[in-house]
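K.L.:
Pasting a structure below so you can have a look.
The values are calculated or read from the model by the stated rules, or taken from the named source; none is laboratory data. This one's a predicted model, so the numbers in the text were calculated from it and none came from an experiment. Note that we place each Cβ from the backbone using ideal geometry, even for glycine, and neighbour counts take in every protein chain shown. SASA here: full protein model, heavy atoms, side chains in, ligands and nucleic acids out. Shrake-Rupley method; radii C 1.70, N 1.55, O 1.52, S 1.80 Å.
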2 protein chains.
Amino acid sequence: MVFRAHTDPELFAQWNGPRRHRMETDHFDCSTGGSYRYRLVSEGVEASFFGSFHEVRPSELIVQTFTFVGEPDGVALERIVFEDIGDGRTRLTATSLVDSFEGRDAFVASGMEVGVREGYERLDELLAR
Amino acid sequence: MVFRAHTDPELFAQWNGPRRHRMETDHFDCSTGGSYRYRLVSEGVEASFFGSFHEVRPSELIVQTFTFVGEPDGVALERIVFEDIGDGRTRLTATSLVDSFEGRDAFVASGMEVGVREGYERLDELLAR
């Protein structure tokens with residue numbers, strides 16, 4: 001279920017990003033060699049993101065690239081690992097690799113922390129339904 | 001021409017990799033959101049590589065991922081920058097980002113140094129024709 005919430009575009013749009021934003025998907029093909037582009041939309045504000053899926057291993061691993069179009073030269077290499085830890089629980093470990101401390105600071109300064117934290121809260125709520 | 005030698009699959013196959021290897025392309029779509037998979041083949045040996053094109057800006061930039069299938073968990077984020085420096089010359093700057101020193105050492109130990117050096121010699125020869 002946790003893996004599917006990342007790969008199914010309709011489920012992903014239900015939890016990805018901060019609360020009070022709507023995710024509008026331009027395209028989203030979460031498979032090895034696929035790619036995505038979406039916008040997070042709130043009143044009067046729209047932020048675009050795009051990237052490619054380097055590798056998708058069912059229920060195990062997603063490796064993808066990620067760019068916030070407001071920082072078009074900033075590219076993160078993201079690795080999302082899914083581990084079955086029993087009792088119907090999954091440990092999710094997500095890491096983002098960028099090529100400089102400046103790049104890291106730009107990502108953090110972009111406000112993505114709120115989106116990530118609220119997004120995972122929304123994922124918990126979706127899984128509880 | 002230098003950019004085209006990276007994006008045109010037939011030209012790319014003429015110079016990529018070590019001498020005495022033949023590049024066999026499974027697929028190669030060098031555009032934003034595209035992906036590739038190819039094999040370098042010599043007598044009795046075949047090495048497979050795959051990745052995704054995060055972004056392709058004509059004559060300017062290619063950002064792509066890269067995995068050697070012999071190290072399936074090793075993923076590099078590669079940035080190739082093309083600069084026109086006049087007199088018909090191009091400066092090409094290629095960087096590979098991995099998430100650990102062990103990962104870096106595994107790439108170097110895989111023999112890729114020979115392929116990279118001989119590959120760029122072959123690119124020079126192709127451009128001179």
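K.L.:
Of all residues in segment B:60-71, which are at the interface with chain A (Cβ under 8 Å from one of its Cβ atoms), more than 14 Å from B:Thr32 (Cα to Cα) and not hydroxyl-bearing (Ser, Thr, Tyr)?
P.N.:
Selection gives nothing.
K.L.:
Another one. What's the number of the condition A:Gly74 fails, among (1) surrounded by 13 or more Cβ atoms within 10 Å (Cβ to Cβ); (2) modelled with pLDDT of 95 or more; (3) within 12 Å of chain B (Cβ to nearest Cβ)?
P.N.:
A:Gly74 satisfies every listed condition except (2).
K.L.:
Which residues, counting only those in segment B:82-91, are open to solvent by less than 60 Å² (accessible area, probe 1.4 Å) and more than 14 Å from B:Val63 (Cβ to Cβ)?
P.N.:
Hit for segment B:82-91 is B:Gly86, nothing else.
K.L.:
If the requirement is being modelled with pLDDT of 95 or more, under 17 Å from A:Ser96 (Cβ atoms) and of a type in the set (A, V, I, L, M, F, W, C), which of these qualifies: A:Val69, A:Val81?
P.N.:
Only one candidate qualifies: A:Val81.
K.L.:
Which members of segment A:116-128 meet the condition of being over 11 Å from A:Trp15 (Cβ atoms) and either assigned to a strand (DSSP E or B) or not hydrophobic (A, V, I, L, M, F, W, C) (or both)?
P.N.:
A:Arg117
K.L.:
Which of the residues spanning segment A:100-115 are surrounded by 15 or more Cβ atoms within 10 Å (Cβ to Cβ) and without any contact (Cβ under 8 Å) to a residue 40 or more places away in the chain?
P.N.:
Across segment A:100-115, the qualifying residues are A:Gly103, A:Arg104, A:Ala106, A:Phe107.
K.L.:
Let me ask something additional. Out of the residues in segment A:5-59 meeting the condition of being small (Gly, Ala, Ser) and within 12 Å of another protein chain (Cβ to nearest Cβ), tell me which one is farthest from the chain's Cα centre (by Cα).
P.N.:
My answer is A:Gly33.
K.L.:
If you check A:Leu127, A:Leu97, which single one turns out to be open to solvent by less than 80 Å² (accessible area, probe 1.4 Å), farther than 18 Å from B:Glu55 by Cβ and over 13 Å from the mean Cα position of the chain (by Cα)?
P.N.:
Testing whether each residue is open to solvent by less than 80 Å² (accessible area, probe 1.4 Å), farther than 18 Å from B:Glu55 by Cβ and over 13 Å from the mean Cα position of the chain (by Cα) leaves just A:Leu127.
K.L.:
What are the residues in segment B:87-103 that are part of a helix (DSSP H, G or I) and among the aliphatic types (A, V, I, L, M), if any?
P.N.:
Passing the criteria: none in range.
K.L.:
Kindly establish whether B:Arg79 is open to solvent by 20 Å² or more (accessible area, probe 1.4 Å) and within 19 Å of A:Ile62 (Cβ to Cβ).
P.N.:
Judged against the criteria, B:Arg79 is not a match.
K.L.:
While we're here: Mind checking which pairs have a first residue in segment A:13-25 that is at positive phi and a second that is open to solvent by less than 60 Å² (accessible area, probe 1.4 Å), Cβ under 8 Å, 6 or more apart or different chains?
P.N.:
Hits for this filter: A:Gly17/A:Met23; A:Gly17/A:Leu40; A:Gly17/A:Gly115; A:Gly17/A:Glu118; A:Gly17/A:Gly119; A:Arg20/A:Ser42.
K.L.:
Right, another one. Have a look at B:Ser96, B:Ser100 and point out the one that is within 14 Å of chain A (Cβ to nearest Cβ) and in contact with an Asp or Glu (Cβ under 6 Å, 6 or more places away or on another chain).
P.N.:
Criteria check complete, one pass: B:Ser96.
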